[in-house]
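Following: one structure in structure tokens, then a few remarks.
Please treat every number below as a calculation from the coordinates, not as lab data. Worth saying up front: this structure is predicted, and the values here are computed from it rather than measured. Here the Cβ is made from the backbone with ideal geometry for all residues, glycine too, and neighbour counts use every protein chain on show.
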Amino acid sequence: MTLYTLVLWFYAVMVSLVFGAGVYEIFVVHPAWGRKPPESFAGFAGTSAGRVNIPTFWVPAVPLYALSALAALGLAFRAGSLGAALIVSIAFAAAALASTLLYFRPTVGRFFETAGGNTPTQRLQIEVDRWIRLNWIRMGLIAISWWGALSALARDG
């Protein structure tokens, strides 16, 4: 097994984890915290027992996803195995990560850290609904990234 194959496997595992966790959040977590803000934010803010601490998973997962994508890209290039599926996967992963850093993480952080702040409830609900709708697009990017990683793994792994 080459280093490239090992890193490609790790990347495929990471994108699978991110995709699976994202799907879980869409169907379980987002309906819970988005149903009636700011009251529905209460169970997701802080780290005390009985509360969900979302960053505990995402803080290490996102950098590992990004770094494994870059490592797979670099090693594929070096090994001469740079296929279209891996390029597409990493391009879509980069788009998903950029949107996470530029919009999703700061916005959800504001929701939870300030419990919506002084934003009127109706405006806050609009912002939460927008965040949830845009997240479907981000999950589409991650799904394509997942497909590309698995396709590359099938070819080179």
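Worth a mention:
- Projecting the Cα atoms of A76, S40, G140 onto the charge dipole of the chain, computed from C-beta unit charges around the Cα centre, puts S40 farthest toward the positive end.
- Counting only Cα atoms, the size of the chain along its three principal axes is 55, 30, 22 Å, in decreasing order.
- For segment 119-136, the Karplus equation 6.51 cos²θ - 1.76 cosθ + 1.60, evaluated at θ = phi - 60°, returns couplings of 5, x, 4, 5, 5, 4, 5, 4, 5, 5, 4, 5, 4, 5, 5, 5, 5, 4 Hz by residue, with Gly and Pro reported as x.
- Computed from phi, the 3J(HN,Hα) profile of segment 96-107 under the Karplus parametrisation 6.51, -1.76, 1.60 (θ = phi - 60°) reads 5, 5, 4, 5, 4, 6, 8, 10, 5, 5, x, 5 Hz, with x in place of Gly and Pro.
- Debye, to nearest 20: dipole size of segment 59-157, +1 on Lys, Arg Cβ, -1 on Asp, Glu Cβ: 100
- Here's how it looks for S81: its modeled amide H is under 5 Å from none belonging to a residue 5 or more places away or on a different chain.
- Kirkwood radius, segment 88-157, all distinct C-alpha pairs, inverse of mean reciprocal distance: 13.5 Å.
- Positive dipole terminus of the chain, leading residue within V23, P120, A149 (C-beta point charges): P120
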